Amino acid sequence: MTTATPVRQQSGLALYFAVTFATTWAFWLVAIALGGSVKSSSTVIPYVLGGFGPVIGAIVVRALRARRREPAPVHTVRLRLSMRLGWVLPLLVTASATVLAGAALAHLLGGPVVSWQRGGV
């Protein structure tokens, strides 16, 4: 008597890492080929897009799982839309307050003063 073995789901971890590293490195190599300076307006966009490599990798894996009609992994965080939107304002305020507190603390301890003119490109 033979028993059917359950179909094993692929985790997609290898695909995630491959897509993440490939997209990140590709965008950053384009930026380096265009001049390599973060302050240059022509290379800022590829540098920023390279930072989204992990998000692109996650979207590719999720889309592949949806195409195969596989369920989301058990450990996936599932939040309702109303719950997610409720956290947006407190997180933005907390992040902004952290940056401002860091700048104020640096100034109080004798560090450089934050300046819009010096920070411009």
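The values are calculated or read from the model by the stated rules, or taken from the named source; none is laboratory data. Values in this document were obtained by computation on a predicted structure and should not be read as measured data. Note that we place each Cβ from the backbone using ideal geometry, even for glycine, and neighbour counts take in every protein chain shown. Just so you know, the surface numbers come from the protein's heavy atoms only, side chains and all, with ligands and any DNA or RNA stripped out. Shrake-Rupley method; radii C 1.70, N 1.55, O 1.52, S 1.80 Å.
Being more than 18 Å from the chain's Cα centre (by Cα), among the hydroxyl-bearing types (Ser, Thr, Tyr) and open to solvent by 50 Å² or more (accessible area, probe 1.4 Å) is the filter; apply it to the stretch 38-51 and report the residue that is nearest to ARG65 (Cα to Cα). In this case the residue turns out to be SER42. Considering the stretch 6-35, and only residues there that are of a type in the set (Gly, Ala, Ser) and modelled with pLDDT of 85 or more, the residue that is nearest to ALA66 (Cα to Cα) turns out to be ALA14. Cβ separations smaller than 9 Å between residues 6+ apart or across chains give the following pairs from the stretch 76-99 residues that are modelled with pLDDT under 60 to residues that are surrounded by 10 or more Cβ atoms within 10 Å (Cβ to Cβ) and not basic (Lys, Arg): LEU79/TRP87.
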